[in-house]
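A quick write-up on the structure given underneath.
The values are calculated or read from the model by the stated rules, or taken from the named source; none is laboratory data. Because the structure is predicted, anything quoted here is derived from the model rather than measured. Neighbour counts run over all protein chains shown; Cβ positions are idealised from the backbone, glycine included. The protein model used for the area step is the full one, side chains on, heavy atoms only, and it has no ligands, DNA or RNA in it. Shrake-Rupley method; radii C 1.70, N 1.55, O 1.52, S 1.80 Å.
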Amino acid sequence: MKANKLGLVAAGAAVLGLSCKNQSPAKETRPNILFIMSDDHAYQAISAYSDKLIQTPSIDRIATDGMLFTNASVTNSICAPSRAVILTGKHSHINGKIDNHFPFDTTNVTFPQILHEAGYQTAMFGKLHFGNSPKGFDEYMILPGQGVYYNPDFITPRGTETIEGYVTDIITDLTINWLEKGRQPDKPFLLMYLHKAPHREWLPAERHYKEFISKTFQEPATLFDDYSGRGSAAHKAEMNILTHMNWAGDSKIDPAILNELGIPETANWDHRAYENNITKGMTTQQKASWDSVYGPMNEAFRKAYPSMSREDLMRWRYQRYMQDYLGCIASVDEGVGRVLDWLEDNGLRENTIVVYTSDQGFYLGEHGWFDKRFIYDESFKTPLLVSWPGKIPQGSKCDELVQNLDFAPTFLEAAGIQAPSDMQGKSLMPLLRGNTAGWNRDAVYYHYYEYPSVHMVKRHYGVVTKDFKLVHFYYDVDEWEMYDRKKDPMELNNVYNDPAYASILENLKVKLAALRVYYKDSGELDKMYIEKYENK
């Protein structure tokens with residue numbers, strides 16, 4: 001593959017649009033839609049939600065100019081299935097993309113296709129995660145699978161191109177380049193600007209790893225959680241920072257030092273991830289800059305390790321995790337700022353709906369974990385910030401229960417298009433207008449499937465209201481958990497068997513059963529997907 005300088009590339013991004021008009025607008029007044037999504041960006045790491053870990057002034061601008069959703073969640077907290085839900089407006093069991101293993105059913109109709117057919121110019125840049133030819137796009141440059149942080153390949157309609165540099169900056173450059181050179185001014189656009197960061201293995205840009213490697217971050221209260229008060233799923237999940245995070249690939253300890261210290265690989269791709277991302281994946285200059293910063297860290301760890309306790313190691317690994325994870329987010333925030341500035345400088349901000357979200361939440365040491373998958377809040381909840389100057393009230397907040405399932409019908413209504421009747425989400429238009437009285441959803445449905453697999457989070461489904469959460473873990477167990485979200489926000493005490501909650505439990509079970517019927521999920525489908533998984 002031939003390395004390609006960015007100036008020759010014009011690319012597009014598909015976008016989720018929100019308009020506050022109820023009537024079908026005239027074609028020339030339809031809003032542009034800029035849909036910005038990062039990968040595994042925890043709401044805890046956006047300063048509009050919490051400033052304990054990092055400042056994200058550019059992302060925060062969207063909330064300042066528009067609306068911050070505080071109860072946004074996903075239907076299935078894992079990368080590719082979440083993206084399929086966003087594109088189709090249908091739950092995983094309906095669109096068929098239940099996990100990262102099975103292919104996306106390309107007979108699904110997606111909202112970008114519908115927008116394209118209605119006259120929108122469409123473009124996608126960055127991480128899609130499945131397939132190599134996204135439907136409904138005039139232009140795209142997407143990473144193969146997860147992609148890499150340094151010198152990434154991109155799949156394009158013209159073939160595969162390799163671009164030297166840092167992936168977050170490149171995706172931002174592609175997005176702005178398309179706005180400058182690929183956009184047709186006489187058409188509204190849907191631009192999907194999709195970051196790989198901050199997905200594992202968290203390699204920051206040079207300017208940020210030099211800054212963040214010396215930072216110290218506040219530990220979460222549950223970093224040393226022992227999972228008492230919960231069922232077997234939390235005990236058996238393989239997401240602990242100390243015991244399940246890769247030493248080389250994730251914590252960036254050179255395999256030679258690990259061998260010297262007698263520290264075995266955590267997973268069978270541990271050393272390989274380091275070699276592919278750093279030893280082989282960087283140019284000579286990139287590697288030299290990396291070594292000048294990470295080399296001293298490695299040497300300090302080599303000297304300290306023999307005298308470190310398990311508690312010391314957990315604290316050290318948490319800090320290493322945060323330094324790299326948050327360093328990746330710093331680049332995302334800068335990129336978002338560049339794109340917002342471009343829209344303002346070129347007179348497009350007023351009629352452009354801007355959405356920032358993540359494909360799901362992520363654990364930042366809560367319960368001692370990294371990764372996602374569970375229905376517990378840090379994984380289940382996702383950031384959602386939406387602006388549209390003059391339409392969405394500035395600085396507004398919404399605590400209603402919304403999901404990524406709702407994006408597609410919202411964007412279609414924004415464009416004056418009626419959503420297909422088989423889409424399962426609800427348009428967020430009433431909420432964006434500030435009309436909570438017209439919003440009648442009091443519970444959301446969740447279902448996770450990818451087990452047994454990496455991280456070993458058991459299959460489960462559940463119902464979540466503003467006050468409570470009821471979960472059923474199944475397949476190799478039959479366990480229920482219930483949490484009082486107001487009294488126990490960290491979800492440490494399973495009250496399923498507490499007599500004081502008996503009547504609430506009964507109501508939640510009725511509600512869960514009703515949601516299973518409403519969304520056309522069932523025990524028969526559970527069994528079918530288990531059989532497909534076991535026979536794959």
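So which residues in the stretch 194-224 are under 13 Å from Tyr363 (Cα atoms) and acidic (Asp, Glu)?
Here is the first cut: in the stretch 194-224, the residues under 13 Å from Tyr363 (Cα atoms) are 198-200, 219-223.
Within the stretch 194-224, Glu219 is the sole residue that qualifies.
Pairs only if they're at least six apart or on different chains, beta carbon under 7 angstrom, first in the stretch 94-117 and within 15 Å of Thr75 (Cβ to Cβ) and of a type in the set (A, V, I, L, M), second modelled with pLDDT of 95 or more and not in a loop (DSSP other than H, G, I, E, B); list them, first residue then second.
Ile98/Pro81; Ile98/Ser92; Ile98/Tyr529
Listed here are the residues, each with its yes/no results for (1) closer than 17 Å to Pro420 by Cβ; (2) buried (at least 17 other Cβ atoms within 10 Å of the Cβ); (3) of a type in the set (Phe, Trp, Tyr); (4) within 19 Å of the chain's Cα centre (by Cα).
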site: His101; (1), (2), (3), (4): no, no, no, yes
site: Asn108; (1), (2), (3), (4): yes, yes, no, no
site: His116; (1), (2), (3), (4): yes, yes, no, no
site: Tyr120; (1), (2), (3), (4): yes, yes, yes, no
site: Ala123; (1), (2), (3), (4): no, yes, no, no
site: Gly126; (1), (2), (3), (4): no, yes, no, yes
site: Glu139; (1), (2), (3), (4): no, yes, no, no
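For the structure I just gave you, tell me whether Met490 is surrounded by fewer than 19 Cβ atoms within 10 Å (Cβ to Cβ), under 24 Å from the mean Cα position of the chain (by Cα) and at positive phi.
Working: surrounded by fewer than 19 Cβ atoms within 10 Å (Cβ to Cβ): yes; under 24 Å from the mean Cα position of the chain (by Cα): yes; at positive phi: no.
Taking the combined requirement at face value, the residue does not satisfy it.
When you scan the stretch 1-46, how many residues do you find that are open to solvent by 20 Å² or more (accessible area, probe 1.4 Å), modelled with pLDDT under 95 and not in a loop (DSSP other than H, G, I, E, B)?
Residues that pass the stated criteria total 7.
Residues that are under 14 Å from His129 (Cα atoms), at least 1 per element: which helices (runs of 4 or more DSSP H) completely within the stretch 47-109 meet that? Steps first, please.
Details: elements: 57-65, 79-88, 92-95.
Fully inside the stretch 47-109 and qualifying: 79-88.
Does Gly295 count as within 30 Å of Thr70 (Cα to Cα) and at pLDDT 95 or above? Step through it out loud before you land on a result.
Working: within 30 Å of Thr70 (Cα to Cα): no; at pLDDT 95 or above: yes.
Here the answer is no, as Gly295 does not meet what is asked.
Condition test on Glu413, is it open to solvent by 30 Å² or more (accessible area, probe 1.4 Å) and either part of a strand (DSSP E or B) or of a type in the set (Asp, Glu) (or both)? Quick ask: steps written out before the conclusion?
On the way: open to solvent by 30 Å² or more (accessible area, probe 1.4 Å): yes; either part of a strand (DSSP E or B) or of a type in the set (Asp, Glu) (or both): yes.
For Glu413, the condition - open to solvent by 30 Å² or more (accessible area, probe 1.4 Å) and either part of a strand (DSSP E or B) or of a type in the set (Asp, Glu) (or both) - is met.
So, of the residues in the stretch 238-262 that are part of a loop (DSSP other than H, G, I, E, B) and open to solvent by 10 Å² or more (accessible area, probe 1.4 Å), which turns out to be nearest to Tyr376 (Cα to Cα)? Before you say what the answer is, go through the steps one by one.
So in the stretch 238-262, the residues part of a loop (DSSP other than H, G, I, E, B) come out as 238-239, 245-254, 262.
Checking which are open to solvent by 10 Å² or more (accessible area, probe 1.4 Å) leaves us with 238, 247, 254, 262.
Details: Glu238: 15, Trp247: 26, Asp254: 34, Gly262: 35 Å.
Step by step, filter the stretch 238-262, then rank; the result is Glu238.
With respect to Gln394, is the statement that it is polar (S, T, N, Q), surrounded by fewer than 20 Cβ atoms within 10 Å (Cβ to Cβ) and not in a strand (DSSP E or B) true? Can you show your working first?
Values: polar (S, T, N, Q): yes; surrounded by fewer than 20 Cβ atoms within 10 Å (Cβ to Cβ): yes; not in a strand (DSSP E or B): yes.
Yes.
Checking Pro134 against (1) touching a strand residue (DSSP E or B) at 6+ places or on another chain (Cβ under 9 Å); (2) more than 19 Å from Glu275 (Cα to Cα); (3) open to solvent by 30 Å² or more (accessible area, probe 1.4 Å), which test does it fail?
Only one criterion is unmet by Pro134, namely (3).
Any idea how many residues of the stretch 225-263 are farther than 16 Å from Glu366 by Cβ, among the polar types (S, T, N, Q) and touching a residue at least 24 places away in the same chain (Cβ under 8 Å)?
Adding up the residues that qualify gives 3.
Please go through the stretch 155-193 and pick out each residue that is surrounded by 24 or more Cβ atoms within 10 Å (Cβ to Cβ) and either small (Gly, Ala, Ser) or without any contact (Cβ under 8 Å) to a residue 60 or more places away in the chain (or both).
Matches in the stretch 155-193: Val167 only.
Tell me yes or no: at least one residue of the stretch 459-466 is surrounded by fewer than 22 Cβ atoms within 10 Å (Cβ to Cβ), of a type outside the set (Ser, Thr, Tyr), under 23 Å from the mean Cα position of the chain (by Cα) and within 30 Å of Val495 (Cα to Cα).
If we filter the stretch 459-466 for residues that are surrounded by fewer than 22 Cβ atoms within 10 Å (Cβ to Cβ), which is where we start, we get 465-466.
Now restrict to residues that are of a type outside the set (Ser, Thr, Tyr): 466.
Now restrict to residues that are under 23 Å from the mean Cα position of the chain (by Cα): 466.
Keeping just the survivors that are within 30 Å of Val495 (Cα to Cα) gives 466.
The answer is yes, given that some residue of the stretch 459-466 is surrounded by fewer than 22 Cβ atoms within 10 Å (Cβ to Cβ), of a type outside the set (Ser, Thr, Tyr), under 23 Å from the mean Cα position of the chain (by Cα) and within 30 Å of Val495 (Cα to Cα).
Suppose we filter Glu450, Glu400 for residues that are under 17 Å from Ser73 (Cα atoms), open to solvent by less than 40 Å² (accessible area, probe 1.4 Å) and modelled with pLDDT of 95 or more; which single one remains?
Working: Glu450 fails: under 17 Å from Ser73 (Cα atoms).
When all the criteria are applied, what remains is Glu400.
How many residues are crowded, with 18+ Cβ neighbours inside 10 Å and either of a type outside the set (Lys, Arg) or part of a helix (DSSP H, G or I) (or both) if we restrict to the stretch 337-350?
So the answer is 3.
Restricting the search to the stretch 433-447, which residues are in contact with a helix residue (DSSP H, G or I) (Cβ under 6 Å, 6 or more places away or on another chain), at pLDDT 95 or above and part of a loop (DSSP other than H, G, I, E, B)?
Step one: filter the stretch 433-447 for residues in contact with a helix residue (DSSP H, G or I) (Cβ under 6 Å, 6 or more places away or on another chain), giving 438-439, 443, 445.
From what's left, at pLDDT 95 or above: 443, 445.
If the condition is that a residue be in contact with a helix residue (DSSP H, G or I) (Cβ under 6 Å, 6 or more places away or on another chain), at pLDDT 95 or above and part of a loop (DSSP other than H, G, I, E, B), then Ala443 is the only one that fits.
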